[in-house]
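Below is one structure, written out as structure tokens, with a few remarks after it.
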Amino acid sequence: MRNKNWIFLFIFMGMFMVITSSCKKDDTVDTPTMSDESFYKDIAYALVMCYVDIYNQNLAGVTTGTHNITANGPMGGNVVITGTTTYDNTHGITTTDLVLSMSNVKYITSNANLELTGSTTYSGSFSSGYTSVNHQSDNLYIKGLITRNSISRNIDMSGQVSINRSTSISANIFGYTVTW
């Protein structure tokens with residue numbers, strides 16, 4: 001009887017070990033990520049807002065004509081604004097043909113904390129009810145952090161950026177296109 005107890009215990013222990021060790025739980029946890037769509041939309045939105053703030057802080061209400069202005073960026077850094085602006089009194093339309101040459105221009109939105117270096121255009125027309133403006137850059141350097149829903153993603157890149165604003169916004173940032 002004594003040997004039977006040991007055999008039973010031996011079999012029981014063997015089965016227990018097989019059951020508890022054969023099904024191993026995967027301990028890896030998927031880290032939440034931010035989609036490329038959200039990432040590039042947040043960057044494009046911050047760029048548009050930065051360019052609009054540069055224009056509004058330095059050219060809104062200023063006499064139209066040829067401009068060569070050196071100014072502070074909206075939240076730091078420097079920007080040199082060159083080019084022309086015109087205003088059509090009959091239709092209330094402003095037309096711009098400007099280049100914004102930015103050096104370490106800082107800009108913060110609710111989702112973005114960016115620093116921009118490079119030149120971009122600010123060309124097109126707009127009024128209180130109409131917008132057709134284009135921003136082009138052959139080599140814009142963008143450094144910073146995008147944070148959405150407690151998920152953060154860094155950017156430290158340079159390259160081509162194209163943004164078209166009308167009733168919608170379409171942006172191509174370093175080859176990735178977003179529209180809203």
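Here, each number is a calculation from the coordinates, and none is a lab measurement. Keep in mind the model is a prediction, meaning the values are calculated, not measured. A quick note on method: Cβ atoms are made from the backbone with ideal geometry, for glycine too, and the neighbour counts reach across all protein chains shown.
Data overview
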quantity: Extension reserve of the residue 11-residue 37 stretch, reckoned as 0.36 nm per residue once the Cα distance is removed; calculated: 3.7 nm
quantity: Footprinting exposure proxy for 125, 137 (fewest neighbouring C-beta atoms within 10 Å first); calculated: 125, 137
quantity: Dimensions (Å) - the stretch 118-180, Cα atoms, principal axes, largest first; calculated: 36, 28, 17
quantity: Of 134, 173, 100, farthest towards positive along the dipole that unit charges on Lys, Arg, Asp, Glu beta carbons give the stretch 34-179; calculated: 173
